[in-house]
Amino acid sequence: MAIVGSGFAGSLLARVLAVLGYDVVLLERGTHPRFAIGESSTPLANLSLERIGIRYGLEDCYNLATHGRWLEHFPELRRGLKRGFTFYRHHPHEPFANLGFDSERLLVAASPDDSISDTHWMRSDVDHHFVREAIAAGVDYRDRAELTTADIASDSVSVSGSRDGTPFQLRANFLIDASGPGGFLARQLAIPSGLADTETRSGLVFSHFHGLRLMSDVVPGMPEGPYPDDWAAVHHVIDEGWMYSLRFDDGVTSVGFLLTPAGMESLDSNGSDAESLWRALLERYPTLAAVFADATPLMPIAFRSVIQHRLTRAAGERWALMPHAYAFVDPLFSTGIAWSLRAVERLALAFESAATTRRVPAGDVLSRYDAALSAEADQIDLVVAGAYEAMAHFELFAAQAMLYFGTVSFAEASQRLIPDDSAAWKGFLGVGDSVLEPLPRESLRRLRQITQRQGDEGTLDQRREFVEWITSSISPRNIAGLANPERHNLYPVDFDELVERHALLGMSRDQMIAALPALRGMLRSETTGPR
Ligand SMILES: Cc1cc2nc3c(=O)[nH]c(=O)nc-3n(C[C@H](O)[C@H](O)[C@H](O)COP(=O)(O)OP(=O)(O)OC[C@H]3O[C@@H](n4cnc5c(N)ncnc54)[C@H](O)[C@@H]3O)c2cc1C
C-alpha cells in the first residue's frame, strides 16, 4: 500500500491501515514539522476522530477530539479553544456598529462548555504528531521523496521517484493520493478538471499573527453571547468577501481574507503584492484595523488568486484520492477537516473488509466512494456559493448560515445519539437526505434572484420571504432550535431544546434524555472503548 502525502489525512489513514495489518509506505515531498493551512475543527470532525480512535484503538485520536482531553493528554501540541462560529458584518470606512441585539453579529455555539469544545489545530504540530504515530505503528515513512511517475496496472501499482538524489521504485497493491492540491495522481492519470462546473471562486491573503486584539475589547459592551466571541472561528464578512480569524491558546492567530473576484478587482489585486492588499483591506475596515493595531505577522503575508480546485474522478481500480486532493471549495464553514476524516473512515472500512480477502477494496466500494465525494463536493460548493451571494445583506447571510448549521447539527445529534456502523458512509452536508439534499441548490437559486448576481440586497419583503423559506425548509431537521428570532442570532447548545425536539430524531422524550451523555462527548463510555 502506498500513500502520497503526509498531512493528517494521509498519515492517519496510513496508520489505520498498518493497524489492520497492511504494509504501508507513506511518501512525503517535504519534511515535518511544516506549516499547513486548514486549522479549524468542527463537531463532525471530532466525531469522526473519536470513531477512528475507538474502532482502531488509537487513544490519541480520541483524546485530541475535545479541547479538555487534548490539554490533559497533549499539552505540548499547540491548539486553540474553539467554542463555535462567530460572524460580524463590517461596512467600508465605518466602525463595526454595536447595536445591541440588533448588531450584525451571529454566534452559533458548537459545544456547551470549554472542556468538550472543538479546537483549532496548529497543523505543524498536529500533522507531525500523526506522522510520528504512523511510524510507531509500523508505517514505512519516507520524506523528501520527489515522485516522478505512478503506473497503475490492473494487478499492481508502481511508483518511482528519488530521495536525496537516489532513485527508487516501489510496487504496491493500491495507491492513495493524500497530496492535497498538489495533484500528484491527477497529473499522472490525466484526470480532467471539473472546476468549470463549480460555483465558488475566491482568492486568499493570509498569514499567522501575534498580538491580535480581541473583538470584545475593540467593540466593548456587546450583549453577552453563548460563549466569549473571540474563542471561536471568527468570520468578518466584508464587501470584498470575508476574513477568518482562528485564535490559538498561545497567542498566535491564523488569519486570512477570502476575496471574491469582484473584491479582488476592487483592490486591483493584479497589480498588488500580498502586503499591499493586506494594508488596503485594513484601511477600508477601521474595526479590523483596530484589531490588528499591535499585530505582527509571524511569516510573510501570502496571496493566492484562486484557491478552488476540483477533479472529475476520485477513485478507480487500485487508486483513490483523499478529499483535499480531489476538491477544495473554500474555508467558509470549515468543512475540510471533517470531510477528510470522513474519507479516512470510509477508506479504512473498505480496507478493513478487504483485509482477509483480496486486500484491496472492491470495485463497487470504490465507485461508491467516488460518487459520494462527487455529490459532497457539489453540496459544499452550493452551500458556500449561496453564502457568498447572501453576503449582500446580513439578514440573508444569517439565514443561509442556518441552512449549514441546521444540517450539521442534525447530523451530529443523530450520529451521536443513534450510533451505527454505517455512519461513515452517511452523506456529508445532507447528501442522501431527501429533506436536506435539495436545499443548497434551491437556496442558491433564490439568493441569485434577490442579488441578481451583483450583490443587490433585495427588498425587505424579498429578504423576509427568504428567511421564512429557510426556516420552514430546515424545520423537519432543526433539532437545535435555529432560525429563531427570539435568539437574536445568539445560539447556545441547548439540551432542553433538543429534548423538546426528540421526535425529529425518531426518539421518545425518555430515550432522548437517556441518550444525552453521548452528546457531551461521551461516545466512548456508551460503546466498547478502544480495542
Ligand atoms: C485557506 C484555507 C483554509 C482552510 N481552512 C479550513 C478550516 O478552517 N477548517 C477545515 O476543516 N478545513 C480547512 N481547510 C481545508 C484543509 O486545509 C484540508 O481539508 C486539509 O489540509 C486536508 O488535509 P490533507 O492531509 O488531506 O492534505 P494537506 O494538508 O494538503 O497535506 C498534503 C501533504 O502532501 C504533501 N505533498 C504534496 N504533493 C506531494 C507530492 N507530489 N509527493 C509527496 N508529497 C506531497 C504535502 O507536502 C503535504 O504534507 C482550509 C483550506 C484552505 C486552502
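The values are calculated or read from the model by the stated rules, or taken from the named source; none is laboratory data. Since the model is a prediction, treat every value here as computed from it, not as a measurement. Using ideal geometry, Cβ is built from the backbone for each residue, glycine included, and neighbour counts are taken over all protein chains shown. Side chains are part of the model used for accessible areas, which takes the heavy atoms of the whole protein and leaves out ligands, DNA and RNA. Shrake-Rupley method; radii C 1.70, N 1.55, O 1.52, S 1.80 Å.
Restricting to segment 345-369, give me the number of residues that are within 11 Å of residue 425 (Cα to Cα) and either open to solvent by 10 Å² or more (accessible area, probe 1.4 Å) or of a type outside the set (Phe, Trp, Tyr) (or both). So the answer is 7.
Filtered by the rule that a residue be assigned to a helix (DSSP H, G or I) and either in contact with a Leu (Cβ under 8 Å, 6 or more places away or on another chain) or within 11 Å of the ligand (Cβ to nearest atom) (or both), segment 7-34 gives 8, 9, 10, 11, 12, 13, 14, 15, 16, 19.
The number of residues in segment 216-236 being more than 16 Å from the ligand (Cβ to nearest atom) and either crowded, with 18+ Cβ neighbours inside 10 Å or within 17 Å of residue 289 (Cα to Cα) (or both) comes to 10. Would a scan of segment 103-110 turn up a residue that is hydroxyl-bearing (Ser, Thr, Tyr) and open to solvent by less than 30 Å² (accessible area, probe 1.4 Å)? So far as segment 103-110 goes, yes, one or more of its residues are hydroxyl-bearing (Ser, Thr, Tyr) and open to solvent by less than 30 Å² (accessible area, probe 1.4 Å). Remark: pairs (first residue in segment 41-53, under 13 Å from residue 83 (Cα atoms) and open to solvent by 10 Å² or more (accessible area, probe 1.4 Å); second residue away from the ligand (no atom under 12 Å from the Cβ) and not in a helix (DSSP H, G or I); Cβ separation under 7 Å; 6+ apart in sequence or on different chains) = 43/110.
Total residues in segment 61-72 satisfying the condition of being out of contact with any Ser or Thr (no Cβ under 7 Å at 6 or more places or on another chain), assigned to a helix (DSSP H, G or I) and crowded, with 21+ Cβ neighbours inside 10 Å: the figure is 2.
Whenever a residue of segment 10-24 is open to solvent by 10 Å² or more (accessible area, probe 1.4 Å), its partners that are aliphatic (A, V, I, L, M) and modelled with pLDDT under 95, lying with C-beta atoms within less than 7 angstrom and at least six residues away or across chains, give the pairs 20/355; 21/355.
The set of residues in segment 170-187 being within 13 Å of the ligand (Cβ to nearest atom), farther than 17 Å from residue 36 by Cβ and in contact with a Phe, Trp or Tyr (Cβ under 9 Å, 6 or more places away or on another chain) consists of 175, 176, 185, 186. For segment 405-427, the candidate set comprises residues that are closer than 13 Å to residue 338 by Cβ and open to solvent by less than 10 Å² (accessible area, probe 1.4 Å); within that set, the residue that is nearest to the chain's Cα centre (by Cα) is 424. Condition check: touching a helix residue (DSSP H, G or I) at 6+ places or on another chain (Cβ under 6 Å), β-branched (Val, Ile, Thr) and either modelled with pLDDT under 95 or more than 22 Å from residue 108 (Cα to Cα) (or both). Does residue 431 satisfy that? Here the answer is yes, as residue 431 does meet what is asked. Of the set (1) part of a loop (DSSP other than H, G, I, E, B); (2) within 11 Å of the ligand (Cβ to nearest atom); (3) open to solvent by 20 Å² or more (accessible area, probe 1.4 Å), all apply to residue 324 but (1). The helices (runs of 4 or more DSSP H) falling completely within segment 327-442 that include 3 or more residues that are within 16 Å of the ligand (Cβ to nearest atom) and more than 25 Å from residue 501 (Cβ to Cβ) map to 336-354, 363-390. Each residue in segment 168-215 was checked for being open to solvent by 20 Å² or more (accessible area, probe 1.4 Å), among the small types (Gly, Ala, Ser) and more than 21 Å from the chain's Cα centre (by Cα), and 4 of them qualify. The single condition among (1) open to solvent by 20 Å² or more (accessible area, probe 1.4 Å); (2) part of a helix (DSSP H, G or I); (3) modelled with pLDDT of 95 or more that residue 270 does not meet is (3).
Here residue 148 meets the list (1) within 11 Å of the ligand (Cβ to nearest atom); (2) buried (at least 16 other Cβ atoms within 10 Å of the Cβ); (3) of a type in the set (Ser, Thr, Tyr) almost entirely, failing just condition (2). State which residue pairs qualify: first residue over 18 Å from residue 124 (Cα atoms) and inside segment 55-81, second residue open to solvent by 30 Å² or more (accessible area, probe 1.4 Å) and among the polar types (S, T, N, Q) in any location, beta carbons under 7 Å apart, and separation of 6 or more residues or different chains. If the second residue must be open to solvent by 30 Å² or more (accessible area, probe 1.4 Å) and among the polar types (S, T, N, Q), the pairs left are 66/115; 68/115.
Each residue in segment 122-133 was checked for being within 13 Å of residue 58 (Cα to Cα) and within 12 Å of the ligand (Cβ to nearest atom), and 1 pass.
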